[in-house]
Amino acid sequence: MDIKNEVLLELKKLNLTHDLTNFEKMFVLSTDAKNGDVSLPCFPLAKELRMAPVQIANTIAEEINSQLGADSIIEKAEAVNGYLNIFTVKSVVATKIVEEILKTQTAFGSADTYKGKTVVLDYSSVNLAKYMHIGHLKTTIFGLVMKNLCERLGYKTVSINYVGDYGTPFGKMITAFKRWGDREYVEANGVDAVQDLYVKFNKEAEEDDSLNEEARMWFRKIEEGDPEATELSNWIIELCRGEVERLCGELGAKFDSWRGEGYYTDKMQPVIDELEAKGLLQISEGATVVDLTEYNLGTALIKKSDGTSLYLTRDLAAVEDRYNMYHFDKAIYVTDVSQKLHFQQLFKLVELLEKPYAGKLEHLSYGRYSLPTGKISSRMGKQALLKDLLEAAVNKSREVMEQRGTKVENTEEVSKKVALGATSFEVIKYEKVKDTIYDMEASLNFDGETAPYMQYTYARCCSILEKAGTDVQVGDINYSQITNEQGFELIKTLNRYQKTIVEAYEKQEPCLVVRLLMDIAGEFNKFYTVNRIIDNGVVNLNYLAIVKATKQIFENGFAVVNIPAISKM
Ligand code: ARG
């Protein structure tokens, strides 16, 4: 229910001296119950109406109060220091909101806004030669949550893991394998064996530069389509990709396409030709470039002096391919902020090429991510590996539950869900630009501002409903006697869900959703402390309906932010 809108509609029915139509945008939802539900700060009106704000607020409040009919959604208006505070009739508003949630259930918070439109999301996009490390958490989780938000608003989504399955790292891996590797051993030990070889290569190459030369040679062979090089690099790629797919799966991320950089290496000529035809190409120190200095975007490198292809050129070929395949209305790339210039250049080139998808591309960039101990470094194998991190989180959550004496049948499954919830929450709890630190210990605290705290509150809703042993239907609700603030504040907080989904999508800020869920958990626990939902075996159906509505919003919201709902913990 749009409380603000309903209040405005009501005001329009009244006969007020000051026409408020021009000021509708200035009405806000009150953040403090003592200021009612909707407020209008009258200061900006003073100039136009040539009156003191206090006087304006007083006049309007008086007029509202004298004209209210019995069926109005407005209970009363109050003027306080230049603010016009409007109080709604709690019973009516509460009933409407709870009924709407119970009626629409999983659809509450979803809309058809972008029905018929397609969005392509490029996220996770791991470089396969490296293990997935903590740095990949953000792109994977942010991308996944953005995809969920897009889906809630009607988009058809296409998730692409544009894996880095190309480049000199694969030349290095082949070199290492040829020198020190053993096929059987690698087959048996999979990606771990490949990674060990890669680490060994980097170590040895620091002493012996000829190894780098050899790696470049193998890379050239891959580019030329040499059968042995192709076979080996495909084999290594599949091993690594399998592991990435497994880890993404553990995070709940599934992809529609794994078409990576390698796919485009022999498909770049058409875009280079188009750039040429538009007269955009220049030769600079042997390299082929596009001069973007007039847009403050430096020089875009299209082809290196040795003829090898580039990240940017592949992205140009990839976006064309994606448009041809999916006819997207929007494409979102999720990476850390260090790639900002790359995407600005890409988008500018697309614009200069006058592509139909110019203006449809967006870069969701986020701040860096690290463990409390310091920067993420993957080169020498000292990285915080994602698989170790996830395992540690599961172990820790099992430990915490044991300490708390939590008794569940499926400890392993619950620990995994708690760990995933904590991880998702940690990643998206702040605005995306912030550099953040992943503090696992803190994230698994059941009492702080954490995912387990919310999951626990959800489980409490489930257990109340189970204990009540009775279901509550829409027709059973009657809030004519709603007397306590907590119930109403909780209901109003639940009602913010729909708008929050829209706002989170528009601003690309998943943190707005987790913060709302946190507010809901807080309001619910206040409500629960003050009210007896089941009193001496008698179930208060009105309260039970609030519990049911809360449970529903947790389910809907958790599904968006990748926090598993656990009914018993
Ligand atoms: N593989 C790249 C990296 O790890 C990220 C790719 C992002 N997507 C893209 N279309 N460029 O840095």
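The values are calculated or read from the model by the stated rules, or taken from the named source; none is laboratory data. In this text, all values refer to a predicted model and were calculated from it rather than measured experimentally. All Cβ positions, glycine included, derive from the backbone under ideal geometry; neighbour counts span all protein chains shown. Side chains included, ligands, DNA and RNA excluded: accessible areas come from the protein's heavy atoms. Shrake-Rupley method; radii C 1.70, N 1.55, O 1.52, S 1.80 Å.
Brief remarks follow.
- Evaluation of ASP32 against (1) open to solvent by 50 Å² or more (accessible area, probe 1.4 Å); (2) in contact with a Cys (Cβ under 7 Å, 6 or more places away or on another chain) (one fails), failing number: (2)
- Qualifying residue in region 83-91 (condition: within 14 Å of the ligand (Cβ to nearest atom) and in a loop (DSSP other than H, G, I, E, B)): no
- Residues that are buried (at least 24 other Cβ atoms within 10 Å of the Cβ) and in contact (Cβ under 8 Å) with a residue 60 or more places away in the chain were ranked within region 413-430; the one that is nearest to the chain's Cα centre (by Cα) is ILE428.
- Cβ-Cβ under 9 Å pairs, at least 6 apart or on other chains, region 178-196 side at negative phi, far side open to solvent by 90 Å² or more (accessible area, probe 1.4 Å) and of a type in the set (Ser, Thr, Tyr): ALA193/TYR185
- If the condition is being over 16 Å from the mean Cα position of the chain (by Cα) and either more than 9 Å from the ligand (Cβ to nearest atom) or open to solvent by less than 20 Å² (accessible area, probe 1.4 Å) (or both), then region 118-133 contributes THR118, VAL126, LEU128, ALA129, TYR131, MET132, HIS133.
- Within this structure, SER125 passes the test of being of a type outside the set (A, V, I, L, M, F, W, C), at positive phi and in contact (Cβ under 8 Å) with a residue 60 or more places away in the chain.
- Scanning region 516-550 for residues that are open to solvent by 50 Å² or more (accessible area, probe 1.4 Å) and assigned to a helix (DSSP H, G or I) turns up ASP519, LYS526, TYR528, THR529, VAL530, LEU541, LYS548.
- Taken over region 304-328, residues that are small (Gly, Ala, Ser), surrounded by 17 or more Cβ atoms within 10 Å (Cβ to Cβ) and away from the ligand (no atom under 13 Å from the Cβ) amount to 1.
- For ARG241, the requirement of being within 28 Å of ILE302 (Cα to Cα), touching a strand residue (DSSP E or B) at 6+ places or on another chain (Cβ under 9 Å) and within 14 Å of the ligand (Cβ to nearest atom) is not met.
- With respect to the conditions (1) outside any loop (DSSP other than H, G, I, E, B); (2) closer than 29 Å to GLU503 by Cα, TYR114 falls short on a single one, namely (1).
- LYS355 being within 19 Å of LEU280 (Cβ to Cβ) and not in a helix (DSSP H, G or I): yes
- ALA331 satisfies every condition listed in (1) within 15 Å of the ligand (Cβ to nearest atom); (2) open to solvent by 50 Å² or more (accessible area, probe 1.4 Å); (3) at pLDDT 95 or above except (2).
- Of all positions in region 117-135, at least one carries a residue that is under 30 Å from ILE437 (Cβ atoms) and assigned to a helix (DSSP H, G or I).
- Selection from region 134-158 of residues that are within 12 Å of the ligand (Cβ to nearest atom) and at pLDDT below 95: GLY135, HIS136, LYS138
- Pairs linking a residue in region 199-212 that is under 21 Å from LEU128 (Cβ atoms) and modelled with pLDDT under 95 to a residue that is open to solvent by less than 60 Å² (accessible area, probe 1.4 Å) and not in a helix (DSSP H, G or I), with Cβ atoms under 6 Å and 6 or more positions apart or on different chains, are VAL199/GLY381.
- Contacts under 6 angstrom Cβ, first residue in region 323-335 being on the phi > 0 side of the Ramachandran plot, partner near the ligand (Cβ under 10 Å from one of its atoms) and of a type in the set (D, E, K, R), 6 or more apart: none
- Output for region 246-271, where each listed residue is open to solvent by 70 Å² or more (accessible area, probe 1.4 Å) and either within 14 Å of the ligand (Cβ to nearest atom) or within 19 Å of TYR198 (Cβ to Cβ) (or both): ARG246, ARG259, TYR263
- Scanning region 272-290 for residues that are at negative phi, open to solvent by 80 Å² or more (accessible area, probe 1.4 Å) and part of a loop (DSSP other than H, G, I, E, B) turns up just one, LYS278.
- Once region 93-117 is narrowed to residues that are touching a helix residue (DSSP H, G or I) at 6+ places or on another chain (Cβ under 6 Å) and of a type in the set (A, V, I, L, M), the residue that is farthest from the ligand (Cβ to nearest atom) is ALA94.
- Some residue of region 291-298 being at pLDDT below 95, more than 14 Å from the ligand (Cβ to nearest atom) and surrounded by fewer than 20 Cβ atoms within 10 Å (Cβ to Cβ): no
- Output for region 266-304, where each listed residue is within 17 Å of LEU346 (Cα to Cα) and β-branched (Val, Ile, Thr): VAL271, ILE272, THR288, VAL289, VAL290, THR293, THR299, ILE302
- Top-ranked residue of region 334-344 - restricted to ones that are assigned to a helix (DSSP H, G or I) and within 11 Å of the ligand (Cβ to nearest atom), ranked as least open to solvent (accessible area, probe 1.4 Å): PHE343
- Within region 431-447, the only residue that satisfies the criterion of being of a type in the set (S, T, N, Q), under 22 Å from ALA459 (Cβ atoms) and surrounded by 17 or more Cβ atoms within 10 Å (Cβ to Cβ) is SER443.
So that you can scan it fast, the table gives a plain yes or no per residue for (1) at pLDDT 90 or above; (2) under 24 Å from GLY143 (Cβ atoms); (3) in a helix (DSSP H, G or I):
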site: GLU362; (1), (2), (3): yes, yes, no
site: SER378; (1), (2), (3): no, yes, no
site: GLU391; (1), (2), (3): no, yes, yes
site: ASN395; (1), (2), (3): yes, no, yes
